[in-house]
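FYI, it's all coordinate maths here, none of it is from the lab. This structure is a prediction, so every number in the text was calculated from the model and none was measured. Please note: Cβ atoms are built from the backbone with ideal geometry, for glycine as well, and neighbour counts cover all protein chains shown.
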Amino acid sequence: MSAAIDIVAVTKTYDGRTRAVDAVDMAIREGEFFSLLGPSGCGKTTTLRMIAGFETPTEGTIAVGGADVTHVPAHKRDMGMVFQNYALFPHRSVGENVGFGLRMRGMDRAMIARKVTDALAQVELVGYEDRRPGQLSGGQQQRVALARAIVIEPRVLLCDEPLGALDKKLRQSMQFELKQLQRKLGLTMVFVTHDQEEALAMSDRIAVMNAGKVEQIGTPSEIYDRPGTRFVADFIGDTNLFRGEVIRTGGTCVLRVDSDLSIELAEEPGTIGPLSVALRPEKIVLTAPGAHAGQGLDGIVESANFQGGSVLYRIEAAGRRLLAQQPNNGSHELFQAGAAVALRWTPSDIVILKD
Amino acid sequence: MTSAPFSLRFGRFCYLAFNVGVVVFLLAPIAIVFVFALNPTPYIQFPPVGVSMRWFEKFFASRDFMNALWFSLEVAVLTTVAATLFGASAALALARGRLPGSRAITAIMLSPLMLPAILTGLALFQTYVLLDVGRPTWGLVLGHTIVSIPYVVRTTLAVLHNFDTRLEEAAQNLGAGALRTYFEVTLPLTKPGVMAGAVFAFIVSFDQFPISLFLVSPGHETLPITLFNYLKFDLDGTIGAASVVSIVLAVLVVVGLDRTVGLRSYAEL
Ligand SMILES: Nc1ncnc2c1ncn2[C@@H]1O[C@H](COP(=O)(O)OP(=O)(O)O)[C@@H](O)[C@H]1O
Ligand SMILES: [Mg+2]
């Protein structure tokens with residue numbers, strides 16, 4: 001049966017000084033697809049390894065299904081894990097690899113054989129029982145690793161960048177299949193990735209990590225549309241970041257970036273003093289220069305990068321370079337490099353960030 | 001145009017000649033031993049005058065040689081078991097145990113390789129005299145084991161260093177405790193290294209001379225010592241026959257281990 005995971009105030013240091021994981025709190029719900037996302041070295045693997053029981057937290061507790069497992073050894077945790085390089089046993093056949101966990105649980109041979117066949121069917125590898133892992137392609141090894149992890153009907157499935165070694169096309173189809181399988185089995189999934197597109201596409205919720213700390217936890221759309229911190233806004237997708245002083249001019253709140261640029265804010269920032277805000281490129285509307293209403297700037301197109309479904313513009317405006325993205329759906333005028341344009345946006349698309 | 005293929009051919013010829021030279025150099029002693037063992041004259045003669053089994057008959061008929069051969073085998077088997085058990089577990093502890101000073105310990109474990117064996121033999125001899133234990137078989141086995149352990153440690157460490165510890169973690173994750181993980185994953189995958197070490201241990205013990213020189217008790221000697229004593233008075237083909245038997249036994253041990261437990265790695269599978 002799937003279980004919730006509660007990580008409370010967990011810190012891990014390997015050398016006693018630097019904190020690989022720093023006072024992390026996460027409440028992962030039962031049956032949830034939960035991703036740990038962040039740049040290399042931010043502590044994702046360490047967090048996952050503490051959940052699996054390969055590392056012990058220096059401080060804090062980890063509970064699974066309400067029971068504290070902080071000091072329970074890995075082999076008693078009943079969790080499935082798909083390792084970054086799959087970690088298939090090279091001296092055992094595919095069937096023996098998949099059946100390993102069942103054999104450790106003392107299940108009889110006939111039952112193991114049946115469950116192994118079922119699990120291999122789940123990952124579409126029927127008939128591969130007698131091959132050696134070394135005789136399989138990367139994608140097939142990945143499926144064997146997945147079958148080996150789910151056949152024990154784990155309370156939690158842990159994945160450390162499981163798709164990282166696959167080429168792009170295969171990765172996309174595996175993303176889809178993995179998500180389907182997780183839904184079908186109702187598994188609680190903790191999924192480590194440094195690929196933001198992968199995290200956004202697959203997750204129910206994402207924890208964005210940076211330097212051992214959790215920056216933000218939220219659904220993909222919360223993370224993308226309402227980034228909480230400057231780091232999250234910068235790390236996830238393309239974004240325009242502005243930094244300035246908040247001033248109030250007759251009822252409206254304005255961020256004064258410099259003498260050329262002031263940005264109207266839709267909401268009152270809680271703090272005073274310097275402040276960062278973000279504006280996504282696709283929230284900017286480009287039109288031919290002229291009478292433009294509301295918030296906006298005039299600029300010159302520096303380059304237009306045609307991306308098929310959309311066009312990404314680099315625009316020189318107010319002494320800085322901004323990114324703007326327009327859908328290529330016929331409703332927007334397309335501009336060439338060197339064209340003069342007007343940029344417009346609505347104040348509610350400006351997201352106020354914590355540093 | 002014409003010189004390029006020639007220099008290429010010449011290069012290939014030199015390369016081939018060099019390799020043949022190396023192989024001949026390595027095999028020549030063995031060939032000489034065989035010629036010596038099969039030649040009927042009671043002294044070393046070249047070219048040989050014929051083929052006979054008389055030296056083999058003499059060797060196998062000699063009680064001294066037979067006792068020495070069986071004693072050597074007994075010591076070699078005991079040494080192999082002891083050195084392999086100790087060396088393989090020591091290597092595992094050194095590679096995995098996060099021991100303080102593991103580098104220093106590794107160096108100490110390998111040090112008998114650097115020390116002349118005759119010094120190790122002398123040191124053990126003096127120790128046994130001090131302890132007043134006489135010259136028991138276990139003392140001899142202990143001496144052989146000390147000089148065999150470095151080979152087992154070395155070959156096992158080599159495999160362990162290239163060993164992906166995530167395989168052990170995968171086993172634990174699937175419910176295997178420490179002991180099961182060792183027997184299901186670590187041992188099978190490090191077996192080629194352990195077995196290579198065991199083969200070395202067997203050969204080091206079976207051919208051991210300097211250590212045995214100090215530690216055997218008179219009248220109860222290993223084959224190399226008996227051969228040495230025989231050589232002092234007679235130099236006939238029996239020495240050659242004994243050497244051939246030793247070589248064949250060593251080959252049988254290697255082939256036997258390969259057939260039963262396997263020396264090859266799984267990497268190629
Ligand atoms: N076994 C270890 N010993 C010492 N430091 C480690 C160990 N594992 C990870 N670290 C350090 O902890 C930090 C976080 O690493 P990790 O959790 O692997 O990050 P990520 O998976 O996000 O790339 C890094 O600075 C890394 O160097
Ligand atoms: Mg990692």
Problem set entry | Normalised alpha carbon radius of gyration of the protein assembly as shown [divisor 2.2 N^0.38 Å] | 1.44
Exercise. Between B:VAL141, B:VAL245, B:VAL20, which gets the highest mean-square fluctuation from a Gaussian network model of chain B, Cα cutoff 10 Å?
Worked result: B:VAL20
Seminar exercise, completed: Shape call for region A:129-210, from the Cα gyration tensor axes a ≥ b ≥ c (a/c under 1.5 means rounded, otherwise prolate when a/b beats b/c, else oblate), comes out oblate
Seminar exercise, completed: Measuring from its Cα centre, region A:138-289 shows a charge dipole (+1 at each Lys and Arg Cβ, -1 at each Asp and Glu Cβ) which, in debye to the nearest 20, is 580 debye
Exercise. What 222 nm value per residue comes from the helices of chain B, counting each DSSP H run with n ≥ 4 as -39,500 (n - 2.57) and dividing by all residues, nearest 500 deg cm²/dmol?
Worked result: -25500 deg cm²/dmol
Exercise. Build a GNM of chain B with springs between Cα atoms under 10 Å: which of B:LEU140, B:LEU73, B:LEU119 gets the top mean-square fluctuation?
Worked result: B:LEU119
Exercise. Per-residue mean of other chain beta-carbon atoms within 10 angstrom of the beta-carbon, peptide B:163-172?
Worked result: 6
For this session: Give, to the nearest whole percent, the P(r) tail of region A:79-215 beyond 17 angstrom, counting all Cα pairs.
Result: 59 percent
Seminar exercise, completed: So the FRET efficiency between B:ILE118 and B:ALA17, C-beta based with R0 = 22 Å and rounded to 0.05, is 0.05
Problem set entry | Under 5 Å, built H, 5+ apart or other chain: amide partners of A:THR58 | A:THR11, A:LYS12, A:THR13
For this session: Select from B:GLY237, B:PRO218, B:ILE146 the residue farthest towards the positive end of the dipole of chain B; place +1 on Cβ of Lys and Arg, -1 on Cβ of Asp and Glu, and compute about the Cα centre.
Result: B:ILE146
Exercise. Anyone know which of A:LYS213, A:LYS12, A:LYS184 comes out most mobile in the 10 Å Cα GNM of chain A?
Worked result: A:LYS184
Exercise. From the phi of every residue in region A:192-200, what ³J(HN,Hα) in whole Hz does the Karplus formula 6.51 cos²θ - 1.76 cosθ + 1.60 yield, where θ is phi - 60° and glycine or proline is x?
Worked result: 8, 8, 9, 9, 5, 5, 4, 5, 5
For this session: Give the distance, in whole Å, between the Cα centre of region A:172-232 and the Cα centre of region B:92-130.
Result: 53 Å
For this session: With everything on Cα atoms, drop me the angle between helix A:94-104 and the longest principal axis of chain A, reported from 0 to 90° to the nearest 10.
Result: 70 degrees
Seminar exercise, completed: Taking B:83-92, A:133-142, A:324-333 and ranking on average Cβ neighbours within 10 Å, highest first, one gets B:83-92, A:133-142, A:324-333
Problem set entry | q = 0.11, 0.16, 0.20 Å⁻¹: log10 I(q)/I(0) that the Debye formula gives for region B:90-210, counting C-alpha atoms only | -0.48, -0.85, -1.09
Problem set entry | Other protein chain Cβ atoms within 10 Å, averaged over every residue that makes up B:175-184 | 4
For this session: Only helices at least 15 Å long along their axis, Cα-based, and averaging 1.6 or more on Kyte-Doolittle count here, so list those DSSP H runs from chain B.
Result: B:3-38, B:117-131, B:237-260
For this session: Could you work out the mean count of beta carbons from other protein chains within 10 Å of each residue's beta carbon in A:57-64?
Result: 0
Exercise. Against the longest alpha carbon principal axis of chain A, how many degrees, from 0 to 90 and to the nearest 10, is the axis of helix A:138-150 turned?
Worked result: 70 degrees
For this session: Just round it to a whole percent: the fraction of Cα-Cα distances in region A:238-353 exceeding 24 Å.
Result: 26 percent
Problem set entry | Label-point separation in nm, A:THR18 to A:ASN329, each point 7 Å along Cα→Cβ | 4.6 nm
Exercise. If R0 is 51 Å, what FRET efficiency do you get for A:THR58 and B:ILE32 from their C-beta distance, rounded to 0.05?
Worked result: 0.15
Seminar exercise, completed: Between B:ARG96 and B:LEU130, the FRET efficiency computed from the C-beta separation at R0 = 41 Å comes out, to the nearest 0.05, as 0.65
